[in-house]
Amino acid sequence: MTEVLEAPAAVLDAGALAALPELEAAWSNLAPGAQLEVGNLWGSAQGLIAAHLASGEATTLLIATSSEGEAEAFADDLVAFGLNAVRFPARASAGSRGASGDADSVRARLQIAQSMARGAGPRALVAS
């Protein structure tokens, strides 16, 4: 099963950050099911802002990255900032050809979907 990454103690508690008016306004205007895009953030600032936005909400963030490596780093950043996260496996492993993907990644994707359907999913789902 794909492991939900959990940190015993946050390196920096994102929920304790002072509220940034621009982010708070964007978050408060976000309707259920809508998307929020935040740009011009570099490095771990992306994970810090995502963890901050999710710190007070009972919702799951879906974070899309451009590569598997970036997804892994982003999930690690979220955990460092106190947010439980899981990296959604790619459909196919890097060495496979075709659209079906390998059995392990398919199994892991289904397990994540099932846990989310039961309401036991992570606070953040990071995919590439």
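On the given criteria, is Leu5 touching a strand residue (DSSP E or B) at 6+ places or on another chain (Cβ under 6 Å), modelled with pLDDT under 70 and either closer than 11 Å to Leu78 by Cα or exposed (fewer than 15 other Cβ atoms within 10 Å of the Cβ) (or both)? Talk me through it step by step, then tell me what you get.
Numbers: touching a strand residue (DSSP E or B) at 6+ places or on another chain (Cβ under 6 Å): yes; modelled with pLDDT under 70: yes; either closer than 11 Å to Leu78 by Cα or exposed (fewer than 15 other Cβ atoms within 10 Å of the Cβ) (or both): yes.
Against the criterion (touching a strand residue (DSSP E or B) at 6+ places or on another chain (Cβ under 6 Å), modelled with pLDDT under 70 and either closer than 11 Å to Leu78 by Cα or exposed (fewer than 15 other Cβ atoms within 10 Å of the Cβ) (or both)), Leu5 qualifies.
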Ser128 meets each of (1) open to solvent by less than 60 Å² (accessible area, probe 1.4 Å); (2) touching a helix residue (DSSP H, G or I) at 6+ places or on another chain (Cβ under 9 Å); (3) at pLDDT 80 or above with one exception, condition (1)
Of the residues in the stretch 40-55, those that are open to solvent by 40 Å² or more (accessible area, probe 1.4 Å) and in contact (Cβ under 8 Å) with a residue 12 or more places away in the chain come to Ser44, Gln46, Ser55
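In the set Glu68, Glu37, which member is under 26 Å from Arg91 (Cα atoms), of a type in the set (D, E, K, R), at pLDDT 70 or above and open to solvent by less than 70 Å² (accessible area, probe 1.4 Å)?
Numbers: Glu37 fails: open to solvent by less than 70 Å² (accessible area, probe 1.4 Å).
After applying the criteria, what remains is Glu68.
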With the first residue restricted to the stretch 59-76 and required to be under 8 Å from Ala127 (Cα atoms), and the second required to be open to solvent by 80 Å² or more (accessible area, probe 1.4 Å) and small (Gly, Ala, Ser), Cβ contacts under 9 Å at 6 or more apart or on different chains are Glu68/Ala94; Ala71/Ala64
In the stretch 85-124, anything at pLDDT 85 or above and under 21 Å from Val11 (Cβ atoms) is listed as Ala85, Val86, Arg87, Ala124
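The values are calculated or read from the model by the stated rules, or taken from the named source; none is laboratory data. All values derive from a computational prediction rather than experimental measurement. Here the Cβ is made from the backbone with ideal geometry for all residues, glycine too, and neighbour counts use every protein chain on show. Surface areas here come from the heavy atoms of the whole protein model, side chains and all, with no ligands, DNA or RNA. Shrake-Rupley method; radii C 1.70, N 1.55, O 1.52, S 1.80 Å.
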